[in-house]
Structure formats: C-alpha cells, structure tokens
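Take a look at the structure below.
The values are calculated or read from the model by the stated rules, or taken from the named source; none is laboratory data. Since the structure is predicted, the reported quantities are computational estimates derived from the model, not experimental observations. Cβ sites come from the backbone with ideal geometry, for glycine too, and all protein chains shown count toward neighbours.
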Amino acid sequence: MRIKPRLVDKIVRLFFNFQAFFTVGILVVIVAVIFFKGAPHISLGFIFSSPEDMGRHGGIFSTIIGTVLLVLLSIFLATPLGVGTAIFLTEYTKESIFTKFIRFGVESLAGIPSILYGLFGFIFFVIKLKMGWSVLSGMLTITIMILPTIIRTSEEAIKAVPRNLRIVSYSLSATRWETVKKVVIPSAVPGILTGIMLSVGRAVGETAAVIFTMGSSLRLPTSLMDSSRTMAVHFYILAREGISMEKAYATALVLVMSILIINIIAYYLMNKMISKYS
Amino acid sequence: MDIKIKVEKLSISFGKNKVLKEIDVDVYRHMVTGFMGPAGSGKSTLISILNRMIEFEDNVSIEGKVIINGIDIINGDIDSVKLRRQIGTVFAVPTPLPRSVYENIAYGPKLKGIRDKEEIYAIVKESLKKAFLWDEMKERLETSALKLSGGQQQRLCLARTLALKPEIILLDEPCSGLDPISTAKIEDALSELKKEYTIILVSNNTKQIARITDYSAFFYLGDLVEYGPTERVFTYPSEKKTEDYISGKFG
C-alpha cells in the first residue's frame, strides 16, 4: 500500500519538531540543574570576595578576574590576527597551493583536542620561553587555540560579501584596501562576530589548556606574569577534589549566566548592526 | 567634433576565446554613443576595458590601443584609481552599498579626499538632482539605500557615479531590470547629462538605442559590424546583419 504524501509530511514534521524540542530540552535541563543546585549559594559576597581555604569558603572573585583577563586578552590578540589572515586569504591572494596549504593547516588546527594546545603551551611558553605558569602563557596558548575558529568563520563571512559590492567600490575609484576597509569588513562583521562569540565560549569553558599554562593560583593576578585560575578551572578542581559541591555549582551558575549574558549582548549588537541598513 | 575615446585595433581574449576582434571606434565628446548587440557580442567587455575593470578578470590578453584624452590607457602608465575618477560606471544590476542614500553618494567624493561636510552635501545634492532623484530623496537621505525601489536604486547608482565628477559615463545595460517608467526616468536624465558628459550606453534594447543615442555601434560575436550616426544606422543600415538585428530578426 502506498503511504499518502500528506501523511508522510505530517510524520516528517512531527519528527523534526521532536528533534528541535529534544535539543532545546537538553539545554534547558542542564541550565535548570545548575540553576537549582547553584542559586542558593550565590550572593553578592560570593561574587565579590576571594576564595578561602582552597575555595571551600569565600567567593570566586579572583577566578572571575582570571577568566575575564584570559578571555579578553586572547580575543584581543586572536581577532586581529585571525581576521587579518582571513582577509589575506580571501582578498589578497589568488587560490593556489599556498592558500590551500594554509587552509588545510587551519582546519587541522581546529580539530586538535585542547589538551594538546595545553601541552604545547606548557613546553613552549611555560618552559622554553620561561614564562612560567602565567596569564601571559595562558593567553598565548588560548589565542593559538581559538585562532582557527576565528579564521574560518571570518573567511566564510568575507566570502559571503557579494562580489558586486567590491566591483562597485572599485569602480568608484576605491583601492583594494579602501574596499576591504569600507565595504567588505563592515558587511562581514556579523559573521566575524559569530566566530568571536564561539571563541569566547571555547575560551571561557576551557580547562585542560588553561591548567597547563596559566596554572591554578587562587590569588588575584596583579601582573601578566602571575598564575591565575579561571571559573571553569575552579569548578573542575572544586568538583574533582570534592572540595565543595555547593561552591562548584555556584561557580558553574555564574559561568553559565555570564556566557548567556555575553551572547545576548552580542546578538543584540549584531541585530542592531544588521537592521541598520536593510 | 572632438574625439573623446579612440579605440584602435583592439582585440581581447579570455584564454583562447577571442571576445573582441580588431575593433576601431571613435567616441565623440558630449554625445551618447550606443553599443548594441546580442549577448556575447563583446560590448560589455569593451566597457570593462575603458574603465580598466577588466583587471579583475583572469587570463585576459589585450592587444591594440585605447586612447582617452590623448593617453593610451592600455599600454601607458595609468593609475586605475585616477582613471575611474574620470570614467564612471553604472552596472546592469543596481548595486547600492549597504549604507544610507547620502553615504552611497558621498562614497566617491570621500575617497577623493574631500572632507568638508558642506562641500560633500553640495555634491550629493547636485548629483541627485542630475539623476532626477533629488525630489524623491531630499527627505530620505538617511534611509538605507537598500530600501529604495529598483528604479530609484539605479538612479542612485547614476548619482553616485556623477558625484565623482567624471568626464565619461559608461552605462552597462542600466535599464535591463527596470520597468518602463523607471527606464524613462533614466533616459530623461541621460539626455540632459550629455550636455556635460560623454556617455556610452550598452544595451540589448534596440529601441532604447534608437531613442536616445547619437551614434551607435552594432557588435556581433566580437566584430564591430557597423558604426555611425544612429539615424543613419537605423534608417539605412549598410550591413544586412545590422538590418536583421534592428528589425528584430535575431538578437
């Protein structure tokens, strides 16, 4: 017997609906668990005071600072490098073995597990360059780790800018750089920003690569040469060493909330930028 | 009559594909010259030589001369950026930049290094007026150019080209995607503009060529079949091919 196309359509729709709800559902469950376990232990004091007794008491202020420092510095370093590479690959070179090689390298780097970046950072920055466990070693390592993501997403975003816009810009007597600066990059900003957001997420949540290179000191970092601890590392250590599950969940909640807030702000800015001229 | 552009024995190939074969054309100052011919006749390629946009294509070989204002722009030492300030282009598909109406028109003047806001405003206003768009746009200078209708967008592109204060304007099938009313507005603007500019209009629409050009050239498969005053070409074409094309037997 032939199944009616309309029935198939209904089943398929149901199936996809289920998948969508399932995906969102998992996210909701995770956030809910963290929220209910962490929320009772969160207070202003928790956020603004430093950890005591390995994190068993006190707050997480120094780890918040550690996270912010690490993420901001890495992003500030990786964004110009990554976007610059993407511009070079798309606007300043013709497709050749050389660009294919770079692209292949970038893609391979994107697939490497973060622990390997950690090991590399440890051997190269911490030991060889004698930077020690420090914010500096950490940020350099994380920069290298997130670079492939930023390059790839920026490249896609730049490639998606219609060729016509470039041609028009040239015909109005713009040079290559003027065209890149005034037409290509502004049009690609939403896509580039997506890549940066993905990278922020990776950097915020990273543990392995950070422990190896930035260490896990609970003191407030006062220079780039100080060791420091991020919230993710703090959560990992609290939970693994069984120091305090309450504090661990509270840390996780702060972590999740800050990622959510960063995402909301980024998407708000992005929509504002997109809707401005369309 | 002054010759503004002199094309001498120009041949162009993309790889092994010859798209223009030893073309000779003189384009006269302050006239509208029409290039017509079916798709693949080489007329748009000729345009892309004149503004040197052809440098963005791969595998091109060019022979011959194109002399503009006494300088050979093919073999001479030419700065493309400066050349494109003399020779403005309007493309077939209206392509506003994703910015406001005002910023679209100010794009060229700003690249030229003009910083004075009042000067730029004056250029924007003058250019919009010349493109017959000022009355519709004077209240909407800050809106996104992407929100305009297709016809308005194409006139905006014309205004944007005029803002460069060029001597020559190239229009590559500017009305191919437009409705008759928008087309008429562009044509009206062009007949005014020829008093100040030398205009080259590429079109596949023979009626349009007959309506607004002073001289017309008929291209077919890379050859220049016929060239002369439009009235003569359309009333007494000297080639059978031209007659067949303008009477609609092919094309």
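Which of the residues spanning the stretch A:78-100 are among the hydrophobic types (A, V, I, L, M, F, W, C) and more than 20 Å from A:ALA208 (Cβ to Cβ)?
Within the stretch A:78-100, A:LEU81, A:VAL83, A:ALA86, A:ILE87, A:PHE88, A:LEU89, A:ILE97, A:PHE98 meet the criteria.
Which of the residues that make up the stretch A:167-184 are facing chain B (nearest Cβ under 8 Å) and closer than 12 Å to B:PRO98 by Cα?
A:VAL168, A:SER169, A:LYS182, A:VAL183, listed by residue number.
Please find, among A:VAL135, A:VAL71, the residue that is under 13 Å from the mean Cα position of the chain (by Cα) and within 19 Å of A:HIS234 (Cβ to Cβ).
Checking each option against the conditions leaves just A:VAL71.
Condition check ((1) part of a helix (DSSP H, G or I); (2) more than 30 Å from B:PRO109 (Cα to Cα)) across all residues:
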position: A:PRO186; (1), (2): yes, no
position: A:VAL189; (1), (2): yes, no
position: A:ILE192; (1), (2): yes, no
position: A:VAL204; (1), (2): yes, yes
position: A:SER216; (1), (2): no, yes
position: A:PRO221; (1), (2): no, yes
position: A:ILE237; (1), (2): yes, yes
position: A:GLU246; (1), (2): yes, yes
position: A:TYR268; (1), (2): yes, yes
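Here are A:SER114, A:SER96: which of them is over 12 Å from A:ILE150 (Cα atoms), surrounded by fewer than 12 Cβ atoms within 10 Å (Cβ to Cβ) and in the same structural domain as A:ILE146 (by TED's automatic domain parsing)?
Going through A:SER114, A:SER96 in turn, just one is over 12 Å from A:ILE150 (Cα atoms), surrounded by fewer than 12 Cβ atoms within 10 Å (Cβ to Cβ) and in the same structural domain as A:ILE146 (by TED's automatic domain parsing): A:SER96.
Identify the residue in the stretch A:48-68 that is part of a helix (DSSP H, G or I) and within 22 Å of the chain's Cα centre (by Cα) and, among all such residues, is surrounded by the most Cβ atoms within 10 Å (Cβ to Cβ).
A:GLY66
From the set of residues in the stretch B:85-111 that are touching a residue at least 60 places away in the same chain (Cβ under 8 Å), more than 20 Å from B:THR198 (Cα to Cα) and of a type in the set (Val, Ile, Thr), which is nearest to the other protein chains (Cβ to nearest Cβ)?
This residue is B:THR95.
Which ranges mark the strands (runs of 3 or more DSSP E) fully within the stretch B:1-46 that have 2 or more residues being among the small types (Gly, Ala, Ser)?
Here the list reads B:3-14.
Consider the stretch B:158-199. How many of its residues are within 14 Å of chain A (Cβ to nearest Cβ), over 13 Å from B:LYS130 (Cβ atoms) and not charged (D, E, K, R)?
Total meeting the criteria: 5.
Failed condition for A:VAL83, given (1) within 30 Å of A:LEU220 (Cα to Cα); (2) crowded, with 20+ Cβ neighbours inside 10 Å, with all others met?
Of everything listed in (1) within 30 Å of A:LEU220 (Cα to Cα); (2) crowded, with 20+ Cβ neighbours inside 10 Å, A:VAL83 misses just condition (1).
B:THR183 versus (1) among the hydroxyl-bearing types (Ser, Thr, Tyr); (2) closer than 23 Å to B:ILE54 by Cβ; (3) crowded, with 17+ Cβ neighbours inside 10 Å: which is the lone unmet condition?
Tallying (1) among the hydroxyl-bearing types (Ser, Thr, Tyr); (2) closer than 23 Å to B:ILE54 by Cβ; (3) crowded, with 17+ Cβ neighbours inside 10 Å, B:THR183 fails exactly one: (2).
Looking at A:ALA188, is it more than 14 Å from chain B (Cβ to nearest Cβ), small (Gly, Ala, Ser) and buried (at least 20 other Cβ atoms within 10 Å of the Cβ)?
So A:ALA188 does not fit the description; no.
Take the stretch B:40-83 and flag every residue that is among the basic types (Lys, Arg) and within 11 Å of chain A (Cβ to nearest Cβ).
Hits for the stretch B:40-83 are B:ARG52, B:LYS82.
Looking only at the stretch B:58-84, which residues are touching a residue at least 60 places away in the same chain (Cβ under 8 Å) and surrounded by fewer than 17 Cβ atoms within 10 Å (Cβ to Cβ)?
B:ASN69
If A:LEU119 passes every condition in (1) touching a Lys or Arg at 6+ places or on another chain (Cβ under 9 Å); (2) over 30 Å from B:ILE47 (Cα atoms) but one, which one does it miss?
(1)
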